[in-house]
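> Supplied in structure tokens, the structure appears directly below.
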Amino acid sequence: MISLNNARLMRGEHTLLDSASITIHKGQKTGVIGRNGSGKSSLFACLTGQIALDAGDLFIPDGLRCAWMKQETAGARRSALDYVIDGDERYRQIEDQLARAEDNNDGHAIANLHNELDKIDGYDVQVRAEQLLSGLGFAIDSFQQPVSAFSGGWRVRLNLAAALMAPSDLLLLDEPTNHLDLEATIWLEQWLNRYQGTLLLISHDRSFLDKVIDHVVSFEQNNLFMYKGNFTAYEIQRAERLAQLQAAAEKQMRRKAEIEDFVRRFRAKASKAKQAQSRLKELSRMEAIAPAHIDSPFRFEFLTPEKTASDLLNFKKVSIGFDQPLVQGINLKLHDTTRIGLLGFNGAGKSTLLKTLAEQLPVLEGEVVASKHLRVGYFAQHQVDVIDMKASPTTLIQRADPGAREQEIRNFLGGFDFRGDRVSEPIVNFSGGEKARLALALIVWQKPNVLLLDEPTNHLDLEMRHALTVALQGFEGALVLVSHDRHLMNNTVDEFFTVHQGRVTPFAGDLDDYARWMQEQGKGATADFQPGTKKSTDTTSSTTGKSAARQPAPPPVVDKKEARKQAAIQREQLAPLRREVRTLEKTMEKLSAELSVLEDRLGDASLYEDSRRDELTELVRQQGYCKAELSQAEENWLEKSTELEELLAE
């Protein structure tokens, strides 16, 4: 058991914690959350003895073995494998003692030390280190490369591997997924779920938190609050607590109405039953937990594009890459309502595709047709690196829009939590998260009708990620998104495409199906990662992962005349079901519009006067009837769409 009692923690003149008390029980897996700068990393520094409390008591049991991710990567000349093995300090101690005993021909000491090695599984140390490196995405031929040969992001992975290598009773992980791709993140989830000790985890990836933790410690107003359950459970509990306090009731209702409106719009235009079922569940969760974010300092929306078109961008048999084609035969249309999530292994070409769509790279072959009204907002993975660090946020917007008024700019930047003198300070003094927020703000100001976002949540905290998710839901344009943030993907895109083995193809399933698909490609799992029993629903991609042993079977020879005949028969058989699905979609659209009108009328404050009680009662009755009809139509639509999808897959 670890406990803080009446703890005060300062950073300079700034108070992080005041009279905070909390208890962490043995085996508990706890997510530590709070805004950037609230004190999460400082709390970890206290627990590891790097800094002391300014007041109060910290109790940690004697003999507790603690492991954590180091910030520096020492021993740059050591191989990656040796660096990870160094994480097991007890093994290295025994190894040194054994070498000295052998030099001295001390048989008694040698026997005792071999016994000690056996107790700590020392004979398996290299295998364990190799499993960690493989799980975190390192290629086998890189195990012997020196640490100095790896980039910053890969060195962070090495620090994570070394922390996981260390035998521990308490494991502290600060943003472990920041430099991980989706495959490595899923592997880490599995590893942490098997971890037997106590875990404290700082992360801005809510899907990752949901999979791993069973408690939440939240930094709120210089205090610590404990919630039982995962991150979604925390949001619900906090929403209920704030609702009970009737805090910002008007904001709660307005936010709830915004999400309800998006849900209605999505229902009316959703076209894939499998994805729709997953998406509606995500949206219903967001609707339920909206009050938990009412005190967020971030609130912004993507401005309505000044001009747009139905067909914004069209790739016809396009090949992309640098000197040689990386992805070929791309046929991709971006309409004003397109919302695509790109999936694929690292290096498959997702970022290259976004860069080409943004005209940052020329196409190698094929045809590109762009609307004259096309206006692209492009967020690259390293977008913060191209910002003029000597300029201020206000200066950057004025450069892009010389006619913008200062107060208008200040109001706009306030939605990204840049307030007061902060809007005129040089960006060089900003944190990574602040630079990422500013890069997004600059894109929002441009009023794009196509958004191309490549890992936009890197460096963003949970509240800013939530605000971005909400803003993207209301965006009135085309969206193409690459992100390892599954919550963001689930809540903002309508369809998925895989970039795999040089092709871009639609993916029929949801992100859970994609995780299983990755395992089937032989890339998303290590030997101790057990794949689930449910098979992927992907019926469009016939390729396999580049590290898989098996290769795709050659396509069968098909009688084209017979194939056309069979296709015509299938179309005729499916026609009634297709008509039924289209009819239900029109019904949902009509009911959604009626419900919107009713709710607008119910928003009239004068309606609640005694003289209009009968009118209010009738409107509430109509609203209830309309909601019930919409719910029934949605159920019928999902049922028929699923039936149609299954028939098409046969």
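Read-outs throughout are calculated quantities, based only on the coordinates presented, and are distinct from any laboratory measurement. Note that the structure is a prediction, hence the values are computed from the model and not measured. Neighbour counts are summed over all protein chains in view; Cβ atoms, including those assigned to glycine, are modelled from backbone coordinates with ideal geometry.
> Which residues, taken from the stretch 209-235, are under 16 Å from GLU189 (Cα atoms), in contact with a Leu (Cβ under 8 Å, 6 or more places away or on another chain) and not aliphatic (A, V, I, L, M)?
Result: ASN230, PHE231.
Residue-wise test of (1) surrounded by fewer than 16 Cβ atoms within 10 Å (Cβ to Cβ); (2) free of Cβ contacts under 8 Å to residues at least 40 places away in the same chain; (3) at negative phi; (4) part of a strand (DSSP E or B).
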site: LEU4; (1), (2), (3), (4): no, no, yes, yes
site: ALA7; (1), (2), (3), (4): no, no, yes, yes
site: THR15; (1), (2), (3), (4): yes, no, yes, yes
site: ASP18; (1), (2), (3), (4): no, no, yes, yes
site: LYS26; (1), (2), (3), (4): yes, no, yes, no
site: GLY31; (1), (2), (3), (4): no, no, yes, yes
site: ASN36; (1), (2), (3), (4): no, no, yes, no
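> Something else about it: Among the residues of the stretch 139-179, count how many are buried (at least 22 other Cβ atoms within 10 Å of the Cβ) and farther than 23 Å from TYR91 by Cβ.
1
> Related question: Specify which of the listed residues (VAL480, VAL450, VAL444, VAL493) is under 20 Å from LYS355 (Cβ atoms) and surrounded by fewer than 23 Cβ atoms within 10 Å (Cβ to Cβ). Lay out the reasoning, then the answer.
Numbers: VAL480 fails: surrounded by fewer than 23 Cβ atoms within 10 Å (Cβ to Cβ); VAL450 fails: surrounded by fewer than 23 Cβ atoms within 10 Å (Cβ to Cβ); VAL444 fails: under 20 Å from LYS355 (Cβ atoms).
One residue alone meets the criteria, VAL493.
> Looking at LEU481, LEU452, LEU511, which one is within 15 Å of PHE345 (Cα to Cα), touching a strand residue (DSSP E or B) at 6+ places or on another chain (Cβ under 7 Å), aliphatic (A, V, I, L, M) and in contact (Cβ under 8 Å) with a residue 24 or more places away in the chain?
On the way: LEU452 fails: within 15 Å of PHE345 (Cα to Cα); LEU511 fails: touching a strand residue (DSSP E or B) at 6+ places or on another chain (Cβ under 7 Å).
Going through LEU481, LEU452, LEU511 in turn, the sole match is LEU481.
> Name the residue, out of GLU599, GLU634, that is acidic (Asp, Glu) and within 30 Å of GLY509 (Cβ to Cβ). Outline the logic, then answer.
On the way: GLU599 fails: within 30 Å of GLY509 (Cβ to Cβ).
After ruling out the rest, the residue left standing is GLU634.
> Which residues, counting only those in the stretch 136-152, are under 24 Å from the mean Cα position of the chain (by Cα) and closer than 19 Å to TRP68 by Cβ?
LEU136, GLY152, listed by residue number.
> Here is a list of conditions, (1) in contact (Cβ under 8 Å) with a residue 60 or more places away in the chain; (2) closer than 30 Å to ASN6 by Cβ; (3) among the acidic types (Asp, Glu), and ASP62 meets all of them except one; can you say which number that is?
Condition (1) is where ASP62 drops out.
> Here is a follow-up. Considering (1) assigned to a loop (DSSP other than H, G, I, E, B); (2) under 30 Å from PHE44 (Cβ atoms), say which one ASN105 fails and leave the rest.
The number of the failed condition is (2).
> Considering the stretch 408-452 alone, what residues qualify as being within 19 Å of the chain's Cα centre (by Cα) and within 19 Å of ARG299 (Cβ to Cβ)?
Correct list: GLY433, GLU434, ALA436, ARG437, ALA439, LEU440, LEU451.
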